[in-house]
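Trainee: Can you read through this structure? Questions will come right after.
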Amino acid sequence: MNVEPTYSGAAAVARVSGRIDSASAKDFNDALNAVLGKGVTALVLDCSGLRYLSSAGLRVLLIAIRKTTAAGGGLALSGVPPHIREVLEVSGFVRLAKVFETSEEAQASLSG
Amino acid sequence: MASKAAGAVSLIRDFAADVQALSRLVEEVEAFAGANGVEPGFAQRVSLAIDELITNIILYASRDGGPVPVHLEVHCDPAEVRVVIEHSGAAFDPFVEAPVPDTSLPLTERPIGGLGVFLVRSLMSDTRYERVGDRNRVILTRTLDG
């Protein structure tokens, strides 16, 4: 699991790659907290390099969605591989965070 | 269960389950299924279901926080993947006793967690539980037709 953020004021795009499961969910949580700790309220997670996401990762995602939404911004996802998109749909997460093809579209949705 | 079609191949593991060992095993299952003709989407559904159920076993069945002995079987044939997960301990049927989450709740009302078993039911074609002596046995089936 790896998170590589690129900052632009209160907005950031973080490229998330690898596998997020019970063993790596804490690292994912720490990485997102580090990004949010820099004052980011509009966060795009570019998931094009994400290979695996279990419910342990969904927990972390839900917390980050709550934090960014409470701060007046939000969280959007881009480039989600089909098998991970299915997990987001089944779990109802597509209603909690918007999902876009590209990180540019995702960024635009948060800057409105 | 005599559903072993010609050409079925099996991966059988007895292991001390903790999250690190499980992480490695889940990748092994994915590779095993893929190497035996299971499409990546199905291989990952199966490995995710195994991950969620054994994660719950680690969280709830470990009395001292240490690894839990788990028996896993993955049987692949051209029509389906069948998974058997067994461990000893207090009787627990995850498909009856785990609460069903309301995935339509808005953000502020969504509880953190509780999605694992729900994902398993959603991603598998059939889920069953049996109590066998002092052991819990879960049998998952994923048909490979769509």
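Trainee: How large is Rg over Rh for region B:58-146, taking Rg from the Cα atoms and Rh as the Kirkwood inverse mean of 1/r across Cα pairs?
Mentor: We get a ratio of 1.02 for region B:58-146.
Trainee: To continue, here is another question. Can you compute 3J(HN,Hα) from phi for each residue in region A:33-50, using the Karplus curve 6.51 cos²θ - 1.76 cosθ + 1.60 with θ = phi - 60°, rounded to whole Hz and x for Gly and Pro?
Mentor: My calculation for region A:33-50 gives 4, 5, 5, 5, x, 8, x, 6, 10, 10, 10, 9, 9, 7, 9, 5, x, 7 Hz in order.
Trainee: Divide by every residue of the protein assembly as shown the summed helix terms, -39500 (n - 2.57) for each DSSP H run of at least 4, and state the resulting mean residue ellipticity at 222 nm, rounded to the nearest 500 deg cm²/dmol.
Mentor: Roughly -11500 deg cm²/dmol at 222 nm, from the helical runs in the protein assembly as shown.
Trainee: Further question: Would you mind working out the magnitude of the charge dipole of the protein assembly as shown relative to its Cα centre, with +1 at each Lys and Arg C-beta and -1 at each Asp and Glu C-beta, to the nearest 20 Debye?
Mentor: For the protein assembly as shown, the charge dipole is close to 440 debye.
Trainee: Something else: Using amide H atoms built in the peptide plane, which far-off residues or other-chain residues are under 5 Å from residue A:76 H to H?
Mentor: Under 5 Å from the amide H of residue A:76 lie the amide H atoms of A:43, A:44, A:45, each far enough along the sequence or on another chain.
Trainee: On to the next question. Determine, for each peptide in B:100-109, A:67-76, the mean count of other beta carbons within 10 angstrom over its residues, then list the peptides with the highest first.
Mentor: A:67-76, B:100-109
Trainee: Tally the DSSP beta bridges in the protein assembly as shown and give the antiparallel ones as a percent, rounded to 5.
Mentor: 70 percent
Trainee: Sticking with this structure for a sec: Once phi is turned into ³J(HN,Hα) by the Karplus curve 6.51 cos²θ - 1.76 cosθ + 1.60 with θ = phi - 60°, what whole-Hz value does each residue of region B:35-47 show in order, with x for glycine and proline?
Mentor: Listing the rounded values in order: 5, 10, x, 7, 4, x, x, 6, 4, 6, 4, 5, 5 Hz.
Trainee: Which whole number gives the average count of other chain Cβ atoms within 10 Å of the Cβ atoms across peptide B:109-116?
Mentor: That average works out to 5.
Trainee: If neighbour count is taken as other Cβ atoms inside 10 Å, put A:26, A:98 in order from fewest to most.
Mentor: Least to most surrounded, the residues fall as A:26, A:98.
Trainee: How do the peptides B:68-76, A:86-94 rank, highest first, by the average count of neighbouring beta carbon atoms within 10 Å per residue?
Mentor: Output ranking for B:68-76, A:86-94: B:68-76, A:86-94.
Trainee: If you don't mind, another one. Let me confirm one metric for peptide A:55-62, namely the mean number of other chain beta-carbon atoms within 10 Å of its residues' beta-carbons.
Mentor: 5
Trainee: Which whole number gives the average count of other chain Cβ atoms within 10 Å of the Cβ atoms across peptide B:47-55?
Mentor: What the average comes to for B:47-55 is 4.
Where a number appears in this text, it was derived from the coordinates with a stated rule and is not lab data. In this text, all values refer to a predicted model and were calculated from it rather than measured experimentally. Don't worry about glycine lacking a Cβ; one is built from the backbone with ideal geometry, like all the others, and counts go over all protein chains shown.
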